[in-house]
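Written out below as structure tokens is the structure these notes cover.
The values are calculated or read from the model by the stated rules, or taken from the named source; none is laboratory data. Please read all numbers here as calculations on a predicted model, not as lab measurements. Note: ideal-geometry Cβ built from the backbone for every residue, glycine included; neighbour counts use all protein chains shown.
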Amino acid sequence: MSSGMLPEGAAGAERVGLAERVGLTGPAGLAAGLPVPAAASRPGRTLPWRAWLLPGLVVAAILALWEAGVRLFGIPHYILPAPSEIVVVLVQRWDVFARHTGITVAESVAGAALGIGLGVALAMAMFLRSWLEQALYPLLIASQNVPVFAIAPLLVVWFGYGFGSKVAMAAVTVFFPMTVAALDGLKRTDPDWVRLFRTMGATRRQVFWRLRLPAALPSVFSGLKLAAVYASVGAVLGEWAGAGAGLGYLMLSANAQLRVAEVFAAILCLTPIGLVLLGIVVLLERRVTPWQRVTRDAP
Amino acid sequence: MVHPLSVPCIEVTGLAKSYPGAADSIPVLKDVAFRILPGEFVSLLGPSGGGKSTLLNLIAGLELPDEGKVQVEGERPGRDPRIAYMQQKDLLLPWRTVWDNILLGPELRSAAERDRMTAAARRLLAEFGLEAFARAWPAELSGGMRQRAALIRTLLCERPVLLLDEPFGALDAITRGRLQLHLAKVCRDLKKTVLLVTHDVDEALLLSTRIVLLGGPPGRVEEEVPVPPALDEAERLRLRAHVLRRLDALTPEGA
């Protein structure tokens, strides 16, 4: 690469953005049944500090402008608190935030696990029994026209005011992208590989476990990444629909009392949940699919 | 009782195959017939689009002919076949190391088979110059190394019949020459019956006991050219000129 013999490839490799580095692809692509770019999910090199420099500068600039603007124009704290105020609230009431963050994390993780488990199981069932796919896949797609938050109140009625309805909400959010990603991965095994296994006398069971499943892993991990990011979104939506604890509950009650700094502090607690879960999935992916990290530079 | 050597290893009679096209079906093979005896090394030469790969697929039992029949050691190809098939693409599994890729065939039979074949696997890796890459991922190998690994995997299937579809297509001349000699030796040692698809007349003359010229499309056997075992240079050049002339005549203009 350093020789400059491959200008196009080299330039392209340098221009890979953060989202591509962790292999995160939008849910729109999944819903449309577009192929999940397995090649893009190659989290090989560790991020150089330079990749973080510019975004960090932008964040610092925004915070400085925000702080200066609030002070300069005397914006009341119940409209827009200064960043420093948010930090102060967060530090002073850290125990409250920690407790509610813990609850939302537990809901997100349990919901993600449930949604991932059900999604992978359904994908495998639909793959192995085509009548099941014919019966359920259109319904699955159609169900995505119902906004997830619209069913949140129902889930509260069915699963109660506490932990259960939030887990269900996170699971419902995660379920669809996970199912589609896993099914897509299972279906896109190169038919030439299947022929190879057949000439080697492989049984159907061997073709599934030793060929289709490992071949589907990159796609499954794309689904897992979406699940990691969206699980906490689902949990908070569930909390908004009715709850006595969690960051979503904290936001609503603080908002109602015009304690806007607390709302911001809750958002600050919420953001890392998805990022940490995403990080865990990326680490897991590196362990489970080590071959995805190797590339050969010279032909 | 029939002498085993007189039973053809591969026998193809009246084979026809066509694929659905835009308007009507496009014939790929028409009335193809030949037989290969045990231990023969037969090269299949012919213009592109002559249905050579289709013919291998039919012999491997991956596709069914429209007409005619294929017999491998007197039986129809099917489950528990006697054939190891190396396709044009190397088809190495990216999630397995080179070592785990080449042992795929024995592994699919049983864990014990896999253990039994490790010594042979190590020997073949050394013979094809890949012993340092046993633990490498396929993505770390060059095109030539990948094809060598695929060839070793094919050999380790322990099948009496090898179908090789341009196994050396993507190689430079030097590597190609070395691998051809390796292949010839290994196949002789292991008493394999081989059907090789190639575009390279020299390769066919070097390796095979017989060359089958396939014309088309639709493909049909135009001529069978026996290659004497110890070929002197003058004979080799004469045969080469003959085969090239026939190939030129068989290749349609603009192909």
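For A:VAL146, work out the one condition from (1) within 28 Å of the chain's Cα centre (by Cα); (2) closer than 30 Å to A:ALA256 by Cα; (3) part of a helix (DSSP H, G or I); (4) not aromatic (Phe, Trp, Tyr) it doesn't fulfil.
(3)
So, in segment B:214-230, how many residues would count as being assigned to a loop (DSSP other than H, G, I, E, B) and exposed (fewer than 13 other Cβ atoms within 10 Å of the Cβ)? Working first, answer last.
Restricting attention to segment B:214-230, the residues satisfying the condition of being assigned to a loop (DSSP other than H, G, I, E, B) are B:216-218, B:227-230.
So of that shortlist, the ones also exposed (fewer than 13 other Cβ atoms within 10 Å of the Cβ) come out as B:228-230.
So the count comes out to 3.
Of the residues that make up segment A:146-163, is at least one among the hydrophobic types (A, V, I, L, M, F, W, C), free of Cβ contacts under 8 Å to residues at least 60 places away in the same chain, in the same structural domain as A:LEU278 (by TED's automatic domain parsing) and touching a Phe, Trp or Tyr at 6+ places or on another chain (Cβ under 8 Å)?
No, segment A:146-163 contains no residue that is among the hydrophobic types (A, V, I, L, M, F, W, C), free of Cβ contacts under 8 Å to residues at least 60 places away in the same chain, in the same structural domain as A:LEU278 (by TED's automatic domain parsing) and touching a Phe, Trp or Tyr at 6+ places or on another chain (Cβ under 8 Å).
Is it true that A:PHE73 is without any contact (Cβ under 8 Å) to a residue 60 or more places away in the chain and farther than 23 Å from A:LEU217 by Cα?
So A:PHE73 passes the test.
Tally up the residues in segment B:171-213 that are over 18 Å from B:PRO47 (Cβ atoms) and of a type in the set (Asp, Glu), please.
So the answer is 2.
With a cut-off of at least 1 residues that are surrounded by fewer than 20 Cβ atoms within 10 Å (Cβ to Cβ), more than 10 Å from every other protein chain (Cβ to nearest Cβ) and not hydroxyl-bearing (Ser, Thr, Tyr), name the helices (runs of 4 or more DSSP H) lying wholly within segment B:51-146.
The qualifying helices (runs of 4 or more DSSP H) are B:98-102, B:111-127.
Condition (residue is closer than 20 Å to B:VAL28 by Cβ, assigned to a strand (DSSP E or B) and aliphatic (A, V, I, L, M)) applied to segment B:231-247: is it met by at least one residue? Give the steps one after another, and end with the answer.
Here is the first cut: in segment B:231-247, the ones closer than 20 Å to B:VAL28 by Cβ are B:247.
Next, only the ones that are assigned to a strand (DSSP E or B) stay: none.
No: zero hits.
Give A:ILE86, A:ILE79 a once-over and let me know the one that is modelled with pLDDT of 50 or more and not in a helix (DSSP H, G or I).
Unique residue meeting the criteria: A:ILE79.
Being surrounded by fewer than 17 Cβ atoms within 10 Å (Cβ to Cβ) and assigned to a helix (DSSP H, G or I) is the filter here; which residues of segment A:175-196 pass it?
Those that are surrounded by fewer than 17 Cβ atoms within 10 Å (Cβ to Cβ) and assigned to a helix (DSSP H, G or I): A:LYS187, A:PRO191, A:ASP192, A:VAL194.
Just to be sure I understand, how many residues within segment B:1-51 are within 16 Å of B:LEU195 (Cα to Cα), modelled with pLDDT under 85 and of a type in the set (Lys, Arg)?
Final tally of qualifying residues: 0.
Within segment B:17-50, can you find the residues that are in a strand (DSSP E or B), of a type outside the set (A, V, I, L, M, F, W, C) and touching a helix residue (DSSP H, G or I) at 6+ places or on another chain (Cβ under 7 Å)?
Within segment B:17-50, B:LYS17, B:SER43 qualify.
Of all residues in segment A:89-102, which are part of a helix (DSSP H, G or I) and in contact (Cβ under 8 Å) with a residue 24 or more places away in the chain?
A:VAL89, A:LEU90, A:VAL96, A:PHE97, A:ARG99, A:HIS100, A:THR101
When you go through A:GLY201, A:GLY234 one by one, which is the residue that is closer than 29 Å to A:LEU283 by Cα and either of a type outside the set (D, E, K, R) or in a helix (DSSP H, G or I) (or both)?
Being closer than 29 Å to A:LEU283 by Cα and either of a type outside the set (D, E, K, R) or in a helix (DSSP H, G or I) (or both) holds for just one of A:GLY201, A:GLY234, which is A:GLY234.
Confirm whether A:VAL276 is among the aliphatic types (A, V, I, L, M) and surrounded by 19 or more Cβ atoms within 10 Å (Cβ to Cβ).
Values: among the aliphatic types (A, V, I, L, M): yes; surrounded by 19 or more Cβ atoms within 10 Å (Cβ to Cβ): no.
So A:VAL276 does not fit the description; no.
Yes or no, residue by residue, for (1) within 30 Å of B:LEU93 (Cα to Cα); (2) buried (at least 20 other Cβ atoms within 10 Å of the Cβ); (3) not β-branched (Val, Ile, Thr):
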{"site": "A:ARG198", "(1), (2), (3)": "yes, no, yes"}
{"site": "A:PRO214", "(1), (2), (3)": "yes, no, yes"}
{"site": "A:TRP240", "(1), (2), (3)": "no, no, yes"}
{"site": "A:GLY244", "(1), (2), (3)": "no, no, yes"}
{"site": "A:LEU270", "(1), (2), (3)": "no, yes, yes"}
{"site": "A:GLU285", "(1), (2), (3)": "yes, yes, yes"}
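Tell me, please, whether a residue that is more than 14 Å from chain A (Cβ to nearest Cβ), of a type in the set (Lys, Arg) and surrounded by 15 or more Cβ atoms within 10 Å (Cβ to Cβ) can be found in segment B:188-202. Spell out how you get there, then give the answer.
Step one: filter segment B:188-202 for residues more than 14 Å from chain A (Cβ to nearest Cβ), giving B:188-194, B:196-202.
If we keep only those that are of a type in the set (Lys, Arg) as well, we get B:188, B:191-192.
Okay, now just the ones that are also surrounded by 15 or more Cβ atoms within 10 Å (Cβ to Cβ), so B:192.
Among the residues of segment B:188-202, at least one is more than 14 Å from chain A (Cβ to nearest Cβ), of a type in the set (Lys, Arg) and surrounded by 15 or more Cβ atoms within 10 Å (Cβ to Cβ), which makes the answer yes.
Restricting segment A:176-216 to residues that are among the small types (Gly, Ala, Ser) and under 22 Å from A:ILE141 (Cα atoms), which is nearest to the other protein chains (Cβ to nearest Cβ)?
Residues of segment A:176-216 that are among the small types (Gly, Ala, Ser), as a first pass: A:181-182, A:185, A:201-202, A:215-216.
Remaining after also requiring under 22 Å from A:ILE141 (Cα atoms): A:181-182, A:185, A:216.
Details: A:ALA181: 17, A:ALA182: 16, A:GLY185: 13, A:ALA216: 11 Å.
The extreme case among them is A:ALA216.
Can you name the number of the only condition in (1) more than 14 Å from every other protein chain (Cβ to nearest Cβ); (2) within 30 Å of B:GLY143 (Cα to Cα); (3) among the small types (Gly, Ala, Ser) that A:SER219 fails?
Tallying (1) more than 14 Å from every other protein chain (Cβ to nearest Cβ); (2) within 30 Å of B:GLY143 (Cα to Cα); (3) among the small types (Gly, Ala, Ser), A:SER219 fails exactly one: (1).
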